[in-house]
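Report on one structure; see the data block that follows.
The values are calculated or read from the model by the stated rules, or taken from the named source; none is laboratory data. The shown structure was predicted, so the numbers you read here are calculated from the model rather than taken from an experiment. Here the Cβ positions follow ideal geometry from the backbone for every residue, glycine too, while neighbour counts run over all protein chains shown. SASA here: full protein model, heavy atoms, side chains in, ligands and nucleic acids out. Shrake-Rupley method; radii C 1.70, N 1.55, O 1.52, S 1.80 Å.
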Amino acid sequence: MRTHYAGQVDDKLDGKTVKLAGWVHETRDLGGILFILLRDRTGISQLTIKKKETPELAENAKHFVKETAIMCEGKVTKNKQAPKGVEIHPTNITMAGKVYKKVPLDVTDKVPAEIDTRLDARFIDLRRAKPSAIMRVRATAQSAFREKLMELGCQEINPPTIVSTATEGGADLFHVQYFEKDAFLAQSPQLYKQLALVGGMDRVFMITTIFRAEKHNTTTHLNEVTQMDAEISFTDDEGAMDVLEKTFLHILEVVSKERKEDLKLLESEVKPLKKIKRFTYDHVLEKLKGEYDVEWGHDFPKEAEQKMPSLLGEEAFFITKWPTQVRAFYSMPFEDEPKKCRAFDLMYKGLEISSGAQRIHDPELLVKALKTRGLNPEDFESYVDAFRYGAPPHAGWSIGSERLTMQLTGQKNIRECALFPRDRHRLLP
Ligand code: AMO
């Protein structure tokens, strides 16, 4: 139904006939001339209707209220006064989708709306310039992730999201009735990506939806999350961090290059980096002293995370060698110092965007790790059993797509970075 997008219409097309399709962004009636700004996902084109020359068209165009979906055919004409130096003189405009009700928010941003109002009408909110820019950054980050991991020889898998047991050890699971059985929505693809390696796939990656039934209501947590995971055989925590580093640096490079305009609109800066430093948990704790004291063996609160970039002098860095007690049961402890484990977090602009670890692949050690955390090994029997048939040593990690997008686009609220966010109170739209 179109030959061009609005963003493609420039003075090089002068004299050519084009077909555009999109929404009425604004209309302006100057008496003898009627302007319609047609918007699509690439930008805005000005349709100029001279009432004397095309009276029928002008009469018809009166019905095109803001946000009507329209299709237009017309001639591209140079005009210095028009935005981008060109306008379109339409020969035909048709209504493709009528506006039946009051549009719940102003897509042009002249009248700002609260986040709840915007999210209640998210499909209209997505027509706005900023949310659509955020979604493009997110898509570019995800495709850069996929691109790098394929280049690194990883195979894409699709793990199940209806599962029979917990994978992260917490109680934060959504229960579902699975015919006669009790089941849960997956908290992570953890078990299945590990099983893929036990199955000989060697190195895998996935972009998959996960669910956390945590009742918190914060600006960095959602109850439905998109995780971007990798899992690699015959490697340790350092090897997994090497892969994460390459992947993350590639994401920064691609996003900074391909999403320049979007980042400018969002007033966010993404600097391509050359290297990601690795600091131990103990080192970070030491650096935080006096600024934000954290007791050894505890996770870093949000406020402490926010102070890290300036205290450590790095925008992005790993935190390694965590206290075993604070990490998931499957994290491999150091042989010579079992109080610490081969787990790591990737921090970016003061927020944890990824976490991972070398996994325990010895079933007896796994049972021990479950017991020390007060978890019942019987509840994890099928998980533990998978490692009794020649399991390879392995390590992996997961990036939260929404958190990554949040930091890339400089958003203060994670809800801005999900297409249709799910939080404690939001199940619609
Ligand atoms: P973890 O629970 O740390 O580890 O999650 C990994 C990454 O996923 C994102 N994330 C979230 N984002 C928003 N809201 C949430 N409620 C939420 N929970 C997690 C974060 C986080 O860094 N299986 C392990 C990973 C691994 O070891 O491979 C796991 O899920 O960006």
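Here is how the numbers come out for the structure above:
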read-out	value
The chain, helix-only ellipticity at 222 nm - DSSP H runs n ≥ 4, -39,500 (n - 2.57), divided by all residues, nearest 500	-8000 deg cm²/dmol
Phi-based couplings in Hz for segment 117-133 (Karplus 6.51, -1.76, 1.60; Gly and Pro marked x)	4, 5, 6, 4, 10, 4, 5, 7, 4, 5, 6, 6, 4, 5, x, 5, 5
Accessible-area composition of the chain, carbon plus sulfur, in percent [1.4 Å probe]	51 percent
Mean accessible surface per residue for segment 171-327, computed with a 1.4 Å probe while every protein chain stays in place, in Å²	50 Å²
Heavy atoms of L34: accessible area, 1.4 Å probe, square angstrom to 10	20 Å²
Amide H partners (placed H, <5 Å) of F174, local residues excluded	L185, A213
Within a Gaussian network of the chain (alpha carbon springs, distance under 10 Å), most fluctuating of P55, P309, P333	P55
Full-extension gain in nm, E295 to L419, via 0.36 nm per residue minus C-alpha separation	40.9 nm
Accessible area in square angstrom per residue, segment 372-429, 1.4 angstrom probe	44 Å²
Accessible area per residue, Å², segment 1-151 with all protein chains present, probe 1.4 Å	56 Å²
Amide H contacts under 5 Å for F344, placed H, 5+ residues apart	G356, A357
Note, ³J(HN,Hα) from phi for segment 413-429, Karplus 6.51, -1.76, 1.60, rounded to Hz, x at Gly and Pro	10, 4, 4, 5, 9, 10, 4, 10, x, 10, 10, 3, 10, 10, 10, 10, x
Semi-axis lengths, Å, the chain, gyration tensor of Cα atoms, sqrt of 5 times eigenvalues	50, 23, 20
Sequence ranges 172-180, 419-427, 322-330, 277-285, ranked by mean other-Cβ count within 10 angstrom, highest first	322-330, 277-285, 419-427, 172-180
